[in-house]
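The values are calculated or read from the model by the stated rules, or taken from the named source; none is laboratory data. Predicted model, so just to flag it, every value in this text is computed and none were measured. Counting neighbours? That spans all protein chains shown, and the Cβs are built from the backbone with ideal geometry, glycine included.
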Amino acid sequence: MTEDVEDESKGERIAKRIARAGICSRRDAERLIQLGKVTLNGKVLDTPAVLVTDADRIVVDGQLVGEPERTRVWRYHKPAGLVTTHRDPQGRPTVFEKLPDGLPRVMSVGRLDLSSEGLLLLTNDGELARKLELPAAGWVRRYRVRVHGEVPPETLVGLEKGITIEGVKYGPIKAQLDRQQGSNAWLTLSLKEGKNREVRRVMDHLGWPVSRLIRVAYGPFQLGSLEEGAVEEVPAKVVKEQLGDRESGWAKADTTERARPPAPKKKPARPERPTDKPTGKAGPHADRRRRS
């Protein structure tokens, strides 16, 4: 099957179909095709420039690709000391080795490096994972960061304009000093790009080495009180509310940080007048005396 990939009314790109079925990401699917590990209707593919329909039989590395299941999303509290990959050449423990039994094949939305911890989103839909981790999606990543050094709050203001380090341009970062404890400080950082080791590189450049980094939010999803190492599925209703669905192209959740509106002003209480609520027993001529 070698139809024009631009005319998607005739089908769906094969790498996209493989990703939606939860086999791997679209990029990995394209790589597997180039390695000759994908067959379509019994023939080995040598190009991802192919459209497929429900009638086609796709096999990836010996595994038959079935119909995509409903999209599911999980929140996972990643501990420090795990790499976010399915297989590590150095033999280090991975996130996917430590997940509890019973989960389907999942992939992560973006990554957290070895020594970072906190919220990692998991999904069985590779196409969704790709959409949500792109900077164009506008998803805000929020981190609690402990650094070594004294942090002047005014230095953080300049990060909102972005910063360039050794030729690498990093986008705007909203940074807030939460507290200074002796020679250490806790910060809250919010950013949208999430380049490789971005927070650590920016903090190191400013002279504040990072000693702990915890991701507490990814878009509208929060780490909350999820225990370290725990996995919790996001209810299907919430997924649909926040993401839309495949047919709508995965609607982007509104993650703009807004200032809280001012609290409504309370009306001043009406002063109590003694004559409104007389105390004690009134005599038979009390009303006449008040009117006179």
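Considering the range 8-36 alone, what residues qualify as being within 19 Å of ARG105 (Cα to Cα) and surrounded by fewer than 18 Cβ atoms within 10 Å (Cβ to Cβ)?
ARG27, ASP28, ARG31, listed by residue number.
Report, by residue number, each residue of the range 123-147 that is in contact with a strand residue (DSSP E or B) (Cβ under 6 Å, 6 or more places away or on another chain), under 14 Å from LEU243 (Cβ atoms) and hydrophobic (A, V, I, L, M, F, W, C).
Hit for the range 123-147 is ALA129, nothing else.
For PRO220, only one of the following conditions fails: (1) in contact with a strand residue (DSSP E or B) (Cβ under 6 Å, 6 or more places away or on another chain); (2) within 23 Å of PRO79 (Cα to Cα); (3) free of Cβ contacts under 8 Å to residues at least 60 places away in the same chain. What is its number?
Single failed check for PRO220: (1).
I need every pair where a residue in the range 162-184 that is without any contact (Cβ under 8 Å) to a residue 12 or more places away in the chain and under 20 Å from GLY138 (Cα atoms) has its Cβ under 8 Å from the Cβ of a residue that is surrounded by fewer than 15 Cβ atoms within 10 Å (Cβ to Cβ) and of a type outside the set (Gly, Ala, Ser), sequence separation at least 6 or different chains.
GLY162/LYS169; GLY162/PRO172
Give the residue, chosen from THR85, THR71, that is free of Cβ contacts under 8 Å to residues at least 40 places away in the same chain and among the β-branched types (Val, Ile, Thr).
THR85
Counting only residues that are touching a helix residue (DSSP H, G or I) at 6+ places or on another chain (Cβ under 7 Å) and hydrophobic (A, V, I, L, M, F, W, C), which one in the range 47-69 is modelled with the lowest pLDDT?
VAL65
Please state which of the following conditions GLU12 fails to meet, knowing it meets all the rest: (1) touching a strand residue (DSSP E or B) at 6+ places or on another chain (Cβ under 7 Å); (2) acidic (Asp, Glu); (3) free of Cβ contacts under 8 Å to residues at least 24 places away in the same chain.
Exception for GLU12: condition (3).
Among the residues of the range 5-36, which ones are polar (S, T, N, Q), modelled with pLDDT under 90 and not in a loop (DSSP other than H, G, I, E, B)?
If the condition is that a residue be polar (S, T, N, Q), modelled with pLDDT under 90 and not in a loop (DSSP other than H, G, I, E, B), then SER9 is the only one that fits.
Among the residues of the range 79-107, count how many are more than 20 Å from LEU128 (Cα to Cα) and either surrounded by 19 or more Cβ atoms within 10 Å (Cβ to Cβ) or among the β-branched types (Val, Ile, Thr) (or both).
Matching residues across the range 79-107 total 3.
Could you go through the range 37-46 and let me know if any residue there is out of contact with any helix residue (DSSP H, G or I) (no Cβ under 6 Å at 6 or more places or on another chain), in contact (Cβ under 8 Å) with a residue 40 or more places away in the chain and part of a loop (DSSP other than H, G, I, E, B).
Checking the range 37-46: at least one residue is out of contact with any helix residue (DSSP H, G or I) (no Cβ under 6 Å at 6 or more places or on another chain), in contact (Cβ under 8 Å) with a residue 40 or more places away in the chain and part of a loop (DSSP other than H, G, I, E, B).
When the residues of the range 191-206 are filtered to those that are farther than 9 Å from GLY171 by Cβ and in a loop (DSSP other than H, G, I, E, B), which remaining residue is farthest from the chain's Cα centre (by Cα)?
Here the residue is LEU206.
Looking at VAL231, is it closer than 28 Å to LYS16 by Cβ and surrounded by 14 or more Cβ atoms within 10 Å (Cβ to Cβ)?
Against the criterion (closer than 28 Å to LYS16 by Cβ and surrounded by 14 or more Cβ atoms within 10 Å (Cβ to Cβ)), VAL231 qualifies.
Look through the range 57-76, keep the residues that are charged (D, E, K, R) and assigned to a loop (DSSP other than H, G, I, E, B), and return whichever of them is farthest from ALA129 (Cα to Cα).
Looking at residues that are charged (D, E, K, R) and assigned to a loop (DSSP other than H, G, I, E, B), I get ARG57.
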